[in-house]
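Here's the structure we're looking at; comments come further down.
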Amino acid sequence: MSKYPSYSDMAANRNAKRNSLHFISVPYNVGSTTHDDMRLAAVQKQSFGCPRFFFRLNVTSAIYEELYAFVDWCCFTATTFTKTCYQGRMTQAEWTTGPTYRANFSPFVTMDDITPSRFVLAYDDTHDILDVGFLSLDPERIGETVDDGNFVDFGDNVLAKNKAETREFLSKEF
């Protein structure tokens, strides 16, 4: 058994601090994100994961004190996206076991590659295939201006007050 909680562990015990996972994103596909529509794959290359630890790498004078993260990637199928919200589907197997280390995806990412925002995972687990969405908690840090119509964050925890709108957003047909 993994020492880290799975998605289902977190959902079952939402208030336990040991169950909370922080999601990060990189602007390229490490292989964990799949697409039904290959046209979407050409433009949506975001990958999401949970950082497990951070370290500095020293190899030569050219590679000195480079900051890296070891990341367990989230496997999901992307269906639609905006600049601050990435929607998709996740299998029940991924929900009960992931995110976890997978030998076929490189777990190492430089800190320079990480998208400058924290992400929260919104989900609807009432089906065998789960509808999920990675929502940016710091949309003002992604790009110069963010006005994608999904949500507005004024720095006063607006997202927590709009749980009903988040559920409605996830209930839309993909």
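The values are calculated or read from the model by the stated rules, or taken from the named source; none is laboratory data. Nothing here was measured: the structure is a model prediction, and the numbers come from that model. A quick note on method: Cβ atoms are made from the backbone with ideal geometry, for glycine too, and the neighbour counts reach across all protein chains shown.
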Could you pull out the residue among W95, W73 that is within 26 Å of D125 (Cα to Cα) and in contact with a Lys or Arg (Cβ under 9 Å, 6 or more places away or on another chain)?
W73
Members of the range 121-140 that are in a strand (DSSP E or B) and farther than 16 Å from A11 by Cβ:
S136
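To keep it simple, each residue is scored yes or no on (1) polar (S, T, N, Q); (2) closer than 21 Å to Y123 by Cα; (3) surrounded by fewer than 11 Cβ atoms within 10 Å (Cβ to Cβ); (4) touching a residue at least 24 places away in the same chain (Cβ under 8 Å).
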{"residue": "Y4", "(1), (2), (3), (4)": "no, yes, no, yes"}
{"residue": "A12", "(1), (2), (3), (4)": "no, yes, no, no"}
{"residue": "V30", "(1), (2), (3), (4)": "no, no, no, yes"}
{"residue": "M38", "(1), (2), (3), (4)": "no, no, yes, no"}
{"residue": "F48", "(1), (2), (3), (4)": "no, yes, no, yes"}
Condition first: of a type in the set (A, V, I, L, M), in contact with a Leu (Cβ under 7 Å, 6 or more places away or on another chain) and part of a strand (DSSP E or B). Now tell me which residues in the range 109-120 satisfy that.
V120
Can you pull out every residue in the range 124-148 that is of a type outside the set (S, T, N, Q), at pLDDT 85 or above and surrounded by 16 or more Cβ atoms within 10 Å (Cβ to Cβ)?
L130, D131, V132, G133, F134, L135
May I ask you to list pairs of residues, at least six apart or on different chains, whose Cβ atoms are under 6 Å apart, with the first in the range 123-141 being in contact (Cβ under 8 Å) with a residue 24 or more places away in the chain and the second being among the β-branched types (V, I, T) and surrounded by 22 or more Cβ atoms within 10 Å (Cβ to Cβ)?
Y123/V132; S136/T84; P139/T84
Looking only at helices (runs of 4 or more DSSP H) that fall completely inside the range 1-108, which ones have 1 or more residues that are at pLDDT below 90?
7-12, 38-43
